[in-house]
1. Confirm whether Leu283 is in contact with a helix residue (DSSP H, G or I) (Cβ under 8 Å, 6 or more places away or on another chain), open to solvent by 10 Å² or more (accessible area, probe 1.4 Å) and in a helix (DSSP H, G or I).
2. Considering each of Leu220, Leu227 in turn, give the residue that is part of a helix (DSSP H, G or I) and over 25 Å from Ala122 (Cα atoms).
3. Among what's in the stretch 240-270 and is part of a helix (DSSP H, G or I) and of a type in the set (Gly, Ala, Ser), pick the residue that is surrounded by the most Cβ atoms within 10 Å (Cβ to Cβ).
4. Please state which of the following conditions Ala33 fails to meet, knowing it meets all the rest: (1) touching a residue at least 60 places away in the same chain (Cβ under 8 Å); (2) open to solvent by less than 60 Å² (accessible area, probe 1.4 Å).
5. So which pairs qualify, if the first residue must be in the stretch 10-22 and aliphatic (A, V, I, L, M), the second must be open to solvent by 80 Å² or more (accessible area, probe 1.4 Å), the Cβ gap must be under 9 Å, and the two must be at least 6 apart or on different chains?
6. Starting from the stretch 247-275, take each residue that is farther than 30 Å from Ala116 by Cβ and list its partners that are modelled with pLDDT of 80 or more and aromatic (Phe, Trp, Tyr), counting only C-beta distances under 9 angstrom and pairs at least six apart or across chains.
7. Take Ala237 and decide whether it is free of Cβ contacts under 8 Å to residues at least 12 places away in the same chain and part of a helix (DSSP H, G or I).
8. Touching a Ser or Thr at 6+ places or on another chain (Cβ under 6 Å) and surrounded by 17 or more Cβ atoms within 10 Å (Cβ to Cβ): is that true of Val278 in this structure?
Amino acid sequence: MSDPLLLLPDLLLIVCGYLICRYTPLDRPIWDAAERLVYHVLFPALLFTSIVRNPQRPGELLPLAAAGVAVVLLGVALAYALRRWPGVDPALHASGAQTAFRFNSYVALALSERLAGAQGLAWIALIIALCVPVVNVAAVWPLASHGGRGLARELARNPLILATLGGLLFNLLGLRLPDLAMQTANRIGSAALPLGLMAVGAGLRLGALREGPGLATALLAIRHAVLPLAAIPLVLALGLPPAQQAVVVAFAAMPTASSAYVLAVRMGGHGSYVAGLVTVSTLLAMAGLPLALAGLQAAAR
């Protein structure tokens with residue numbers, strides 16, 4: 001089975017989440033609670049155990065980390081540049097710019113495991129730990145005239161960052177969990193991926209994209225065309241191993257973070273506009289991810 005086809009089961013889980021939320025009694029309140037459980041308990045357990053099981057030498061991870069950060073910084077620079085386009089509504093841009101460079105961690109983790117197994121989880125965990133602070137600062141900056149008050153505390157309490165740094169520190173100190181504790185954590189983490197992907201589907205909704213269709217098109221083009229196309233020559237130039245190349249290219253083609261909507265609403269932005277961007281981004285990624293990986297395979301021949 002080729003890499004693009006490997007993604008199909010996870011994309012179908014997103015569709016299942018949408019159908020269950022819309023057409024059964026298991027509606028939004030249940031999925032809101034499920035998302036909190038995944039974010040605060042299941043995914044941190046998955047990240048920690050993946051890193052502890054797959055220790056890496058720091059030097060071997062530098063090119064991988066550089067590639068992930070470079071992709072995100074390119075997205076930030078291009079999204080910010082759109083502010084200077086003629087006719088762009090500053091308020092819509094402030095709310096929607098984040099969708100061009102933020103990424104859905106749930107999908108990233110699930111697809112990285114699908115592409116490279118437990119090792120892929122360890123790699124994407126490192127990329128997430130490095131990129132989450134960058135994208136959060138870049139997302140808040142246009143929205144907040146105060147320049148991100150309270151952001152440092154939010155990042156310091158982010159469970160995904162804490163779990164990743166905890167796993168890296170655990171390996172650095174040469175520590176080892178007892179077998180019983182490791183097995184328990186593995187079982188907790190194993191529930192994260194299917195539930196997280198279904199929660200992504202449950203959150204899909206269309207919003208008021210008609211308020212700024214040109215801006216929406218440009219933001220989604222950055223997220224789903226420019227970044228994957230830039231990632232392919234980047235990973236080849238860095239000489240990353242094939243499995244790491246696939247993880248980075250898939251990371252570049254991720255749908256935007258569903259939490260972008262929450263941030264926009266919390267900070268007085270255009271929540272419905274961002275909700276529409278998140279939904280369309282998720283739908284585009286269902287086709288864009290396999291295409292990006294197929295492009296990598298063709299370029300690597």
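1. For Leu283, the condition - in contact with a helix residue (DSSP H, G or I) (Cβ under 8 Å, 6 or more places away or on another chain), open to solvent by 10 Å² or more (accessible area, probe 1.4 Å) and in a helix (DSSP H, G or I) - is not met.
2. Step by step, each of Leu220, Leu227 is checked, and only Leu220 is part of a helix (DSSP H, G or I) and over 25 Å from Ala122 (Cα atoms).
3. Once the filter is applied, the top-ranked residue is Ala252.
4. Here Ala33 meets the rest and fails (1).
5. Listed by first residue and then by second, the contacts come to Ile20/Leu26.
6. Cβ pairs passing all conditions: Ala264/Tyr273.
7. On the way: free of Cβ contacts under 8 Å to residues at least 12 places away in the same chain: yes; part of a helix (DSSP H, G or I): yes.
Yes.
8. Working: touching a Ser or Thr at 6+ places or on another chain (Cβ under 6 Å): yes; surrounded by 17 or more Cβ atoms within 10 Å (Cβ to Cβ): yes.
Here the answer is yes, as Val278 does meet what is asked.
The values are calculated or read from the model by the stated rules, or taken from the named source; none is laboratory data. This one's a predicted model, so the numbers in the text were calculated from it and none came from an experiment. Quick reminder, even Gly has a Cβ in these numbers, built from the backbone with ideal geometry, and neighbours come from all protein chains shown. Remember, those area values only see protein heavy atoms, side chains included, never the ligands or the DNA or RNA. Shrake-Rupley method; radii C 1.70, N 1.55, O 1.52, S 1.80 Å.
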